[in-house]
1. Which net charge results for the neighbourhood of A57, defined as the other residues with beta-carbon distances under 11 angstrom from its beta-carbon, given Lys and Arg at +1 and Asp and Glu at -1?
2. How long is the gain from A62 to D211 if the chain were fully straight, where each residue apart is worth 0.36 nm and the alpha carbon distance is subtracted?
3. Taking the Cβ-Cβ separation of H177 and D197 as r and a Förster radius of 25 Å, what is the calculated FRET efficiency to the nearest 0.05?
4. Ranked by accessible surface with a 1.4 Å probe, highest first, in what order do T198, T171 come?
5. Could you give the length gained by full extension between T44 and R135, i.e. 0.36 nm per residue of separation minus their alpha carbon distance, to one decimal place?
6. In the stretch 43-76, which residues have a backbone nitrogen under 18 Å from the label point lying 7 Å from R26's Cα in the Cα-to-Cβ direction?
7. Test of the criteria: in the stretch 150-180, which trypsin sites (Lys or Arg not before Pro) are in a DSSP loop and have at most 13 other Cβ atoms within 10 angstrom of their Cβ?
8. Run the numbers for Q155 and A218: contour at 0.36 nm per residue of separation, minus the present Cα-Cα distance, in nm.
Amino acid sequence: MSRFVDAELVRLAREGSLSALRLIVRRHNQRLYRVARAIVRDDTEAEDAMQEAYLSAFRNLAKFRADASLATWLTRIVVNKAISRLRRESIMVPLDVLDNVERPDADVVIMPHLASQLDPEQAAARSQVRDLLERAIDNLPEPFRVVFVLRMVEQLNVKETASSLGIREETVKTRLHRAKRLMREQLQTTLASTLTDTFPFQDPRCADFTDALLARVAGSEPADPSRQHRGSKQ
């Protein structure tokens, strides 16, 4: 199954293959979790958004077209679900306000006291560095944060990021530029090597989430995988 391309996995999933569904979830959990968390800034809310996105995707597999990658299609869905959760909480920052700010660094206060938290001993401890970087990313305004995670953490190119978010490539470039400025040059240089390790969604957490989700898809006893790891953070 691991050798199957996305189109074949989707075909098998449409035919009712739980193995295909499992592999789809396992392949895309890491990216979707990072994207959802970049929007909602909360582990539990991110998993809830992921669950909603997968269930919606599985109900609409017939609508998937191979002109876009499965990863891009799923990313669009999880972005919409995560944003919807923010809207329900009425805490979303309007995108047009941030995109039209001429001097974002003058109007948005980012990463208070961040420089004082950074010292050589912390930089030597990978887990502490990751925590510091995650907090810095969390402090970015949401539109910049999502682009930063897709481009710098997930390492998507500009075109893939624009397609995933439904925005122009120039907008991706602008938001990434502003995000980097807000993260500060010192933080970028010191922690660049740890970016790909931030917000992990791996085993056993990934496996537990997948098992619970597929049990729900198969019509087993209802399960809420996001509740299994309340408060957990790797």
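1. +3
2. 51.3 nm
3. 0.60
4. Working: T198 0, T171 25 Å².
Ranking T198, T171 by accessible area, largest first, yields T171, T198.
5. Result: 31.1 nm gained on full extension.
6. Residues passing the 18 Å test: 71.
7. Those that pass, being in a loop and sparsely packed, are R168.
8. Going from the current span to full extension adds 19.3 nm.
The values are calculated or read from the model by the stated rules, or taken from the named source; none is laboratory data. What you are looking at is a predicted structure, and each value in this text was computed from that prediction instead of being measured. Reconstructed Cβ throughout: ideal geometry from the backbone, glycine too, with neighbour counts over all protein chains shown. The area values use the complete protein model at the heavy-atom level, side chains included, leaving out ligands, DNA and RNA. Shrake-Rupley method; radii C 1.70, N 1.55, O 1.52, S 1.80 Å.
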